[in-house]
Amino acid sequence: MRLDDARPWFDKVDDDLTSIVLLGGRGTVVPSSCCFHCQQAVEKALKAVLVAIEVEPPRTHDLRLLVRHLEALGYPLDSTIHESVFTLTSYAVDFRYPGLDLDLDAEEVHEAVVTTSEVVRWSLAQLGVEAGEVGLEILENDVFKAEET
């Protein structure tokens, strides 16, 4: 396993998580931008796992393809977040172009942020590292913490 090769990917994950926090996270006034950064953080976290196990990540924004690739290599995503991840794929492109705007409500943004946190934490667990070891202390921000129910 090559954690040092994955660190630059986690640096980019940190950039996206920081953007989510700065955009207001779950209570954002710019839902499409927040969800874009959610998709980007998840994409980069999944690619970090691939890089760490010495697999060249495909140049794609398709999270379904990345998840299937990881599953084929013996890294299955937790079933509780499996389907939620696929929803994020559309956030990579759809809102960035006229006519493809997404009309996102607060619940969809909340789900995107929660899914992002879960996938980033999953990726760290696959590599056996703590968030602080790769500069992801931002996961301790309240935006990424599970809500009490």
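Can you say whether A125 is within 17 Å of K12 (Cα to Cα) and either of a type in the set (D, E, K, R) or surrounded by fewer than 23 Cβ atoms within 10 Å (Cβ to Cβ) (or both), as far as the supplied structure shows? Reasoning before the result, please.
Numbers: within 17 Å of K12 (Cα to Cα): no; either of a type in the set (D, E, K, R) or surrounded by fewer than 23 Cβ atoms within 10 Å (Cβ to Cβ) (or both): yes.
No.
Tell me yes or no: at least one residue of the range 26-33 is at positive phi and outside any loop (DSSP other than H, G, I, E, B). Let's see the steps before the verdict.
First pass over the range 26-33, keeping only residues at positive phi: none.
Within the range 26-33, not a single residue is at positive phi and outside any loop (DSSP other than H, G, I, E, B).
Here are some conditions: (1) within 20 Å of L17 (Cβ to Cβ); (2) more than 14 Å from the chain's Cα centre (by Cα). E54 meets all but one. Which one does it not meet?
Every condition holds for E54 apart from (1).
Taking the stated definitions as given, is I138 over 22 Å from P57 (Cβ atoms), surrounded by 12 or more Cβ atoms within 10 Å (Cβ to Cβ) and either touching a Phe, Trp or Tyr at 6+ places or on another chain (Cβ under 8 Å) or at pLDDT below 85 (or both)?
Working: over 22 Å from P57 (Cβ atoms): yes; surrounded by 12 or more Cβ atoms within 10 Å (Cβ to Cβ): yes; either touching a Phe, Trp or Tyr at 6+ places or on another chain (Cβ under 8 Å) or at pLDDT below 85 (or both): yes.
Here the answer is yes, as I138 does meet what is asked.
Across the range 97-144, what is the total count of residues that are of a type in the set (F, W, Y) and outside any helix (DSSP H, G or I)?
1
Of a type in the set (D, E, K, R), assigned to a loop (DSSP other than H, G, I, E, B) and either at pLDDT 90 or above or surrounded by fewer than 13 Cβ atoms within 10 Å (Cβ to Cβ) (or both), is that true of E56? Explain how you work it out, then say what you get.
On the way: of a type in the set (D, E, K, R): yes; assigned to a loop (DSSP other than H, G, I, E, B): yes; either at pLDDT 90 or above or surrounded by fewer than 13 Cβ atoms within 10 Å (Cβ to Cβ) (or both): yes.
Criteria met by E56.
For the range 59-96, enumerate the residues that are assigned to a helix (DSSP H, G or I), hydroxyl-bearing (S, T, Y) and either farther than 12 Å from V119 by Cα or under 12 Å from the mean Cα position of the chain (by Cα) (or both). Even if it seems obvious, please write down each step before you answer.
To start, the set of residues in the range 59-96 that are assigned to a helix (DSSP H, G or I) comprises 63-72, 79-92, 94-96.
If we keep only those that are hydroxyl-bearing (S, T, Y) too, we end up with 79-80, 84, 87, 89-91.
Residues satisfying the conditions are S84, T87, T89, S90, Y91.
The values are calculated or read from the model by the stated rules, or taken from the named source; none is laboratory data. These figures come from a predicted structure and were not determined experimentally. Every residue, glycine among them, receives a Cβ derived from its backbone with ideal geometry; neighbour counts consider all protein chains shown.
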